[in-house]
Amino acid sequence: MGDLLGPDPVLLPGDSAAEAELAASENPAIVAAAHPSASVAWAALAEDALADDNAVAAYAYARTGYHRGLDQLRRSGWKGFGPVPYSHEPNRGFLRGVGALARAADSIGEADEYQLCLDLLDDCDPAARSGLGLT
């Protein structure tokens, strides 16, 4: 994040409607259906599935959120590298999706995917892993 010659940090616009619905305790499945491009809704679904010990569903939800987040990042100018700050709240939907994907991959024994997710989080923002409770 301190490379002056590197790309500028990407600050996603977020999805205020989806975020508000989740903050109001709306069912994440309803939010994801109403806002399918909102990675934060898919991340919430993945986190709920992990809490219910359903790693396979969590993996699918997290992968969807991850891909929706990649779409948003690319539209915002991200080229596959560079900072995606955890401190910027709208970036957290994507980063939470990556974190949930890491946990789900670890739960089903997919060690390579687990490590790729941790590496992506570190590349996006070294603070992301600790913010998401991953070590």
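The values are calculated or read from the model by the stated rules, or taken from the named source; none is laboratory data. Quantities reported herein were computed from a predicted structural model and do not represent experimental measurements. Please note: Cβ atoms are built from the backbone with ideal geometry, for glycine as well, and neighbour counts cover all protein chains shown.
Looking at 71, 3, just one residue is at pLDDT below 95, within 23 Å of residue 127 (Cα to Cα) and either crowded, with 24+ Cβ neighbours inside 10 Å or of a type in the set (D, E, K, R) (or both), and that residue is 3.
State all residues of the range 4-43 that are of a type in the set (Gly, Ala, Ser), part of a loop (DSSP other than H, G, I, E, B) and within 25 Å of residue 82 (Cα to Cα); if no residue qualifies, say none. Steps first, answer last, please.
Kept after step one, since they are of a type in the set (Gly, Ala, Ser), are these residues of the range 4-43: 6, 14, 16-18, 20, 23-25, 29, 32-34, 37-39, 41, 43.
Restricting the remaining residues to those that are part of a loop (DSSP other than H, G, I, E, B) gives 6, 14, 24-25, 37-38.
Scanning the range 4-43 gives 6, 14, 37, 38.
Close Cβ contacts (under 9 Å, 6 or more residues apart or on different chains) running from residues in the range 18-32 that are surrounded by fewer than 19 Cβ atoms within 10 Å (Cβ to Cβ) to residues that are at pLDDT 95 or above and part of a loop (DSSP other than H, G, I, E, B) comprise 20/26. Please work out if residue 45 is buried (at least 22 other Cβ atoms within 10 Å of the Cβ) and within 14 Å of the chain's Cα centre (by Cα). Criteria met by residue 45. Considering every residue within the range 98-108, establish whether at least one is in contact with a helix residue (DSSP H, G or I) (Cβ under 8 Å, 6 or more places away or on another chain), farther than 19 Å from residue 68 by Cα and surrounded by 15 or more Cβ atoms within 10 Å (Cβ to Cβ). Yes: the range 98-108 contains one or more residues that are in contact with a helix residue (DSSP H, G or I) (Cβ under 8 Å, 6 or more places away or on another chain), farther than 19 Å from residue 68 by Cα and surrounded by 15 or more Cβ atoms within 10 Å (Cβ to Cβ).
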